[in-house]
Amino acid sequence: MSVPLIQKIHVGAYLMKQRLQGKQRYPLVLMLEPLFRCNLACAGCGKIDYPDDILNRRLSIDECVGAAEECGAPIVSIAGGEPLLHKEMPKIVAELVKRRRFIYLCTNALLLEKKIDQYKPSPYLCFSIHLDGDRERHDKVVCQDGVYDKATAAIKAARAKGFRVNVNCTLFDGEQSEHVAHFLDSAMEMGVSGVTISPGYAYERAPDQQHFLKRSETKQLFRDVFRYGKGKGWRLNQSALFLDFLAGNQTYHCTPWGNPTRNVFGWQKPCYLLGEGHVATFRELMDDTNWDLYGTGNYEKCADCMVHCGYEATAVNDTLSHPVKAMMAAIRGPKTEGPMAPEIALDKARPAEFVFERQLRHNMDKITAEKEASAKTSSECRSSAA
């Protein structure tokens, strides 16, 4: 079972509560980024392209716990950067476990064996290990040899100590469906609880912009992969309808508020993958964001996105609205033959706005002002003490 029963019950109760209260927009997963610093520099990553003054910033324990309380989502995905570089990460995890949040601690696993004893096994904690394929493929994607071997050794060590372990796999252009299928076979042999699999997203500042999948390519690749997987019982850590969507069988709009993001800048607008501004509170994010400006068909940047952090919440909502359809998709698996569902028209999408540099200047100005204010306070304290 890729998702434990206690998590299914807890999340199901949360979803029914939101429905009964008539809420149209509510979070499912909090995407928590306590830092952007990483010990790898992957070609497809757009999260580490910042000056040191930003890479050195950390969310505190209170800020992380406060974000979880403010948001209220039952699941917290802790990403980054590399979360295990955060010295207070064990305390952050412990505090979230106390509050019965289901935590997916995302890591490249380079530090996991060294730090594993700082954590306690719990049904509320799962280490989500970044693996984008077999040894050759993964080491190429992360731009460093030997990472695959360290990650798989860490998976073995974590499982031996009683931890739940998940694999987080992103697929890029040029993938061979047979190779992906063999990788999923090997992941099952490792004994992981499940695999979260998703197509890559073309981050605005990613060093390699040439190898992200286009929408039609994504659908065909996943159809081909799922065709190999018929009858194999792969434990994929996603809803049946989201997997069916990846194979081109559902026409979905994204639900960006389903996975809101809190990082070192604040609450990110509009989603985890697209940073076009930040606000101070979760309520501001939900109430003041013009959601109609974003999503496939609405915004050029969103044209090729089919990533789980945008569409899994859509699939979950569809599951609640159409349980029989979801049950049939779960029984048969993703459809791999026949015509695909109609695609969303892109001709009326507004042009992309490239705002990274403006956002960077804004945040650097804030950091400079904070430093000047701190220096002034320190000087006044010293003068007062004298």
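The values are calculated or read from the model by the stated rules, or taken from the named source; none is laboratory data. Please read these numbers as outputs of a predicted model, since none were measured by experiment. Heads up, the Cβs are rebuilt from the backbone with ideal geometry, glycines too, and the neighbour counts pull from every protein chain shown. Just the protein is used for accessible areas: all its heavy atoms, side chains included, with ligands, DNA and RNA removed. Shrake-Rupley method; radii C 1.70, N 1.55, O 1.52, S 1.80 Å.
For the pair residue 161 and residue 136, label points projected 7 Å from Cα toward Cβ lie 3.3 nm apart.
For region 89-191, the relative contact order works out to 28 percent when only alpha carbon pairs closer than 8 Å and six or more residues apart are counted. Between 344, 61, 155, the residue with the greatest mean-square fluctuation in the GNM of the chain (Cα pairs under 10 Å linked by springs) is 344.
Take the chain with all the other protein chains still there, run a 1.4 Å probe, and you get 46 Å² of accessible area per residue. When the chain is treated as a GNM with alpha-carbon contacts under 10 Å, the residue of 77, 193, 374 showing the greatest mean-square fluctuation is 374.
Cα-Cα over 28 Å: which of 23/230; 219/325; 269/376; 120/150; 120/230; 91/232?
On the way: 23/230 37 Å; 219/325 20 Å; 269/376 32 Å; 120/150 21 Å; 120/230 36 Å; 91/232 39 Å.
Going by Cα-Cα distance, 23/230; 269/376; 120/230; 91/232 fall outside the 28 Å limit.
In plain terms, the chain from residue 320 to residue 251 could stretch by 23.2 nm, reckoned as 0.36 nm per residue minus the Cα-Cα distance. For the chain, the relative contact order comes to 16 percent (Cα pairs under 8 Å, sequence separation of at least 6).
Mind ordering 352-360, 270-278, 159-167 by average Cβ neighbours within 10 Å, highest first?
Working: 352-360: 12.9, 270-278: 21.7, 159-167: 17.8.
In decreasing order of mean packing, 352-360, 270-278, 159-167 become 270-278, 159-167, 352-360.
When the chain is fully extended, how far beyond the present Cα-Cα distance does residue 214 get from residue 287, taking 0.36 nm per residue of separation? Numbers along the way, then the final one.
On the way: separation 73, 0.36 × 73 = 26.28 nm, distance 3.15 nm.
Extra length available between residue 214 and residue 287 comes to 23.1 nm.
Among 16, 68, 35, which residue has its Cα positioned farthest towards the positive end of the charge dipole of region 1-150, with +1 placed on the Cβ of Lys and Arg, -1 on the Cβ of Asp and Glu, and the dipole taken about the Cα centre? My answer, from the dipole projection, is 16. Each Lys and Arg adds +1 at its Cβ and each Asp and Glu adds -1 at its Cβ; summed about the Cα centre, region 72-124 shows a dipole of about 240 debye.
Counting protein heavy atoms only, the chain has 52 percent of its accessible area on carbon and sulfur, 1.4 angstrom probe.
Here region 52-161 is treated with +1 on each Lys and Arg Cβ and -1 on each Asp and Glu Cβ, and its dipole about the Cα centre works out to around 560 debye. Each 10 Å bin, from zero up to the one with the longest distance, holds this percent of the alpha carbon pairs of region 1-144: 11, 37, 33, 16, 3. Placing dummy labels 7 Å off each Cα toward the beta-carbon, the span from residue 347 to residue 362 is 3.4 nm.
Rounded to whole numbers, the Karplus 3J(HN,Hα) couplings from phi for region 179-188 are 5, 4, 4, 5, 5, 5, 4, 5, 5, 5 Hz, using 6.51 cos²θ - 1.76 cosθ + 1.60 with θ = phi - 60°, and x at Gly and Pro. A full extension of the chain between residue 99 and residue 43 corresponds to an added length of 16.6 nm, given 0.36 nm per residue minus the alpha carbon distance.
Under 5 Å between amide hydrogens, built in the peptide plane, is the criterion, and for residue 37 it picks out 82 among residues at least 5 positions away or on other chains.
The charge dipole of the chain, taken about the Cα centre with unit charges on the Cβ atoms of Lys, Arg (+1) and Asp, Glu (-1), comes to about 1360 debye, rounded to the nearest 20. Measure nothing but the geometry: give the 0 to 90° angle between the long axis through the Cα atoms of 5-20 and the longest principal axis through the Cα atoms of the chain, rounded to 10°. Result, in degrees: 80. Using only the alpha carbon atoms of region 255-386, find the Kirkwood hydrodynamic radius as the inverse mean reciprocal pair distance, in angstroms to one decimal. Kirkwood radius, region 255-386: 18.4 Å. Within the listed set 63, 82, 33, the Gaussian network model of the chain (springs between alpha-carbon atoms below 10 Å) gives the highest mean-square fluctuation for 63. Here the calculated FRET efficiency for residue 230 and residue 369, from their Cβ-Cβ distance with R0 = 56 Å, stands at 0.45, rounded to the nearest 0.05. Between the residues 248, 265, 233, the greatest Cα displacement towards the positive end of the dipole of region 232-297, with unit charges on the Cβ of Lys, Arg, Asp and Glu, is found for 233.
Give me D for region 91-166 in µm² s⁻¹, whole number, from Stokes-Einstein with Rh from the Kirkwood sum over alpha-carbon pairs, 25 °C and 0.890 mPa s. Each step should come with its number before you reach the end.
On the way: Rh = 12.9 Å.
Rounded, D is 190 µm²/s.
Taking a ≥ b ≥ c as the square roots of the eigenvalues of the Cα gyration tensor, region 132-271 is classed as rounded, since a/c falls below 1.5.
Summary value for region 1-68: 29 percent relative contact order, contacts being C-alpha pairs under 8 angstrom separated by 6+ residues. Sorting the segments 6-17, 302-313, 180-191 by their residues' average number of neighbouring beta-carbon atoms within 10 angstrom, most packed first, yields 302-313, 180-191, 6-17. Between helix 147-160 and the chain there is an angle of about 90 degrees, using the helix long axis and the longest principal axis of the Cα atoms. Among 187, 138, 309, whose Cα projects farthest towards the positive end of the dipole of the chain, with charges put on the beta-carbon of Lys, Arg (+1) and Asp, Glu (-1)? Going by the Cα projections, it comes out as 187. Near residue 30, once Lys and Arg are set to +1 and Asp and Glu to -1 for all other residues with Cβ below 12 Å from its Cβ, the sum equals 0. The angle between the Cα long axis of helix 356-385 and the main principal axis of the chain comes to about 30°, on a 0 to 90 degree scale.
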